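The values are calculated or read from the model by the stated rules, or taken from the named source; none is laboratory data. Owing to the predicted nature of the structure, the values given are computational and were not obtained by experimental measurement. Cβ sites come from the backbone with ideal geometry, for glycine too, and all protein chains shown count toward neighbours. Side chains included, ligands, DNA and RNA excluded: accessible areas come from the protein's heavy atoms. Shrake-Rupley method; radii C 1.70, N 1.55, O 1.52, S 1.80 Å.
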Amino acid sequence: MPNGKVTLVGAGPGDPGLLTLKGQRSLEQADVVIYDYLANPLLLGHAPEGAEKIYVGKVRGKHHLAQEQTNALLAEKAAAGLQVVRLKGGDPYIFGRGGEEAAYLKERGIPFEVVPGVTAGFAAAAYAGIPLTHRDVTTSLALLTGHERPERKLSSLDWEKLATGLGTLIFYMGMTNLKVISEQLIAHGRSPETPVAVVQWATLPRQRTLVGSLQTIAADVAREGIEPPAIIIIGEVVNYRETLRWYDSLPLFGKRILITRPRAQAEAFVQLLQRQGAETICIPTIGIAPPDDLQPLDEAVRQVADFDSLILTSVNGVDAFFERLAANRLDIRSLAGVQLIVVGPKTAEAIEKRGLRPDLIPARYQAEGLVEELLAQGVKGKRFLYPRAKVVRPVLIEALQEAGAEVVAPVAYQNVRPTGKEEMIRHLLSEGELDAITFSSSSTFDNLVAMFGDELPSLQGRAEFFSIGPITSDSIRKHGFEVALEPEKSTLDDLVAAMVEYYQK
């Protein structure tokens, strides 16, 4: 039996981009991932598809699995020869009970490794605009937990030294005892006017930061309804927040945006939105599947050298074409002398990744723009190969054929409507939890309508519809809905830029 091992991986504070590279590599090699409540579920996407994923977290004292059972589960899986990743919020060895789990494994001879993570206290301060040390204010800090073992009370802390001997205090899990913490620090010599920041859901787009003083913070938190998870930062460094805040000043901060494009193509869009501070939720209303019959596409692919031009109008078309090129034991040498035509920059980028450069990208990134430029260069007597979606607008094919060209347009892929997504979207819409829904094609909106029919207008709530371009906008308006905006150019970069401008007005 191969040797199993447990790797304790710090998942960081919430922002999936703060996972370390070593932590990511550990996840990519995992057979089993055992994860906590505060570990962002998006990180599970780094694990192999077939890896077992087990949730053992707890919410405010409600354990999904007791710590003793978690310890035993780690040992059991590793003893079976599996590579186990214990994914823990923040850093495993800072108030994460990682030391207890490591000790349990050591006693039983189970190999283990620890991959540190960005601890929540440090991240909360950075994302709130608070430097934990500053040579003009303090060069010392302490990390403390406001929730110890039940038999150990906060009164066991040396409050006098904490109050007067250290500059910055960071309390984890201290919200329940915030009033006690404030009173004890004041009673032992800390000024009641000492600034305090409470940072909830640190590093996530739902982050909230409340600033007060030791004297007022407990009442401030109760008034604003801030609950765990939250980090408490106490000290003069909190005064730098207004000058150094950056995260909650991003233009899309606090906006919750639903992305409906296929999950495999959503990553770049997600990153663009998150860089502007948005919270993204990816629930595809469209999926990509092979055609019902591959024979017409394969026949065309084998004869690609006989065509004058190859037209590719989407990343999906690029992927499907090159997949069948390889399946037919051909490669890019077959495209020598064939004019490569793409509809826009994303499609161009997709073929450039395969070592090719497009010969033509229209100024207008849609079929009409492509037709206009092709007709201008002359198409009579030329042969075009156009691997396409099963359902497309006929404008490109009809215009080229009317101008005397031969167009071979085999189905390369088809759009399908994913099942089991309705309830997730219904919940978000009915609860008013979405600020915007983005649509990157007519199909993404048409499928949303197919999911909910006449129910959609009553569900829409505050969510505004953002369209990638005029064709998609026409589909939205055809069903009686308003389009909040569409960019001048039909690209994701331009859509995000337009959204930033929209929300800044």
(Q) Give me the one-decimal Kirkwood hydrodynamic radius in Å for segment 160-312, with the sum taken over alpha-carbon pairs. (A) 19.7 Å
Q.
For a quick check: with amide H placed at 1.01 Å from N, whose amide H comes under 5 Å from residue 83's, ignoring anything fewer than 5 positions away on the same chain?
A. 5, 31, 32
Q: Please work out how much length the chain gains when fully extended from residue 216 to residue 491, using 0.36 nm per residue of separation minus the C-alpha to C-alpha distance, in nm with one decimal.
A: 94.2 nm
Q | Qualifying lysines (Cα of each under 28 Å from Cα of residue 478; at least 8 residues distant if same chain) | A | 255, 346, 390, 421, 489, 505
**Q.** Per-selection Kirkwood Rh - segment 12-56 (Cα, Å, 1 d.p.)
**A.** 10.6 Å
Q: Find how many whole Å separate the alpha carbon centroid of segment 219-278 from the alpha carbon centroid of segment 381-414.
A: 46 Å
Q) Computed from these coordinates, which is Rg and Dmax of the Cα atoms in Å: (1) 28.0, 91; (2) 21.8, 75; (3) 22.9, 77? A) (1)
(Q) About the Cα centre, and with charges only on the beta carbon of Lys, Arg (+1) and Asp, Glu (-1), how big is the dipole of the chain? Nearest 20 debye, please. (A) 920 debye
Q.
Kirkwood Rh over alpha-carbon pairs of segment 255-364, then Stokes-Einstein at 25 °C and 0.890 mPa s: what D in µm² s⁻¹, rounded to an integer?
A. 156 µm²/s
**Q.** Descending principal axes extents, segment 425-482, alpha-carbon based, whole Å
**A.** 30, 21, 15
Q | Hits among lysines - C-alpha to C-alpha of residue 179 under 19 Å, sequence gap 8 or more where chains match | A | 153, 161
Q. What list of ³J(HN,Hα) values in whole Hz, one per residue of segment 163-173 in order, does the Karplus curve 6.51 cos²θ - 1.76 cosθ + 1.60 (θ = phi - 60°) give from phi, with Gly and Pro shown as x?
A. 5, 10, x, 10, x, 10, 10, 10, 9, 9, 6
Q) For segment 240-368, what is the charge dipole size about the Cα centre, in debye to the nearest 20, if Lys and Arg each add +1 at the Cβ and Asp and Glu each add -1 at the Cβ? A) 640 debye
Q. Quick one: if the Förster radius is 56 Å, what FRET efficiency do residue 135 and residue 375 give, using the C-beta to C-beta distance and rounding to 0.05?
A. 0.25
Q | Largest-first principal axis extents, alpha carbons of segment 358-488, Å | A | 57, 30, 25
Q.
What is the ratio of the Cα radius of gyration of segment 368-438 to 2.2 N^0.38 Å, with N the residue count, to two decimals?
A. 1.75
Q: Could you run the Debye sum over the Cα atoms of segment 1-99, one equal point scatterer each and no solvent, and tell me log10 of I(q)/I(0) at q = 0.14, 0.20, 0.22 Å⁻¹, two decimals?
A: -0.46, -0.96, -1.17
Q: Would you mind getting me the FRET efficiency between residue 458 and residue 158? Use the beta-carbon distance for r and R0 = 56 Å, nearest 0.05.
A: 0.40
Q) Among residues other than residue 265 whose Cβ falls under 11 Å from its Cβ, what is the net charge (Lys/Arg +1, Asp/Glu -1)? A) +1
Q. Ignoring any ligand, DNA or RNA, what whole percent of the accessible area of segment 149-298 comes from carbon and sulfur when the probe is 1.4 angstrom?
A. 51 percent
Q: Grab the beta carbon distance between residue 332 and residue 264, set R0 = 25 Å, and tell me the FRET efficiency rounded to 0.05.
A: 0.65
(Q) Just to make sure I understand: if all protein chains stay in place, what is the order of 246, 159 by accessible area at 1.4 Å, largest first? (A) 246, 159
Q | Cα-projected label distance for residue 142 with residue 306, points at 7 Å along beta-carbon direction, nm | A | 8.3 nm
Q: Please list, or write none, the lysines whose alpha carbon is within less than 25 Å of the alpha carbon of residue 77, excluding same-chain residues fewer than 8 places away.
A: 5, 22, 53, 58, 62, 88, 106
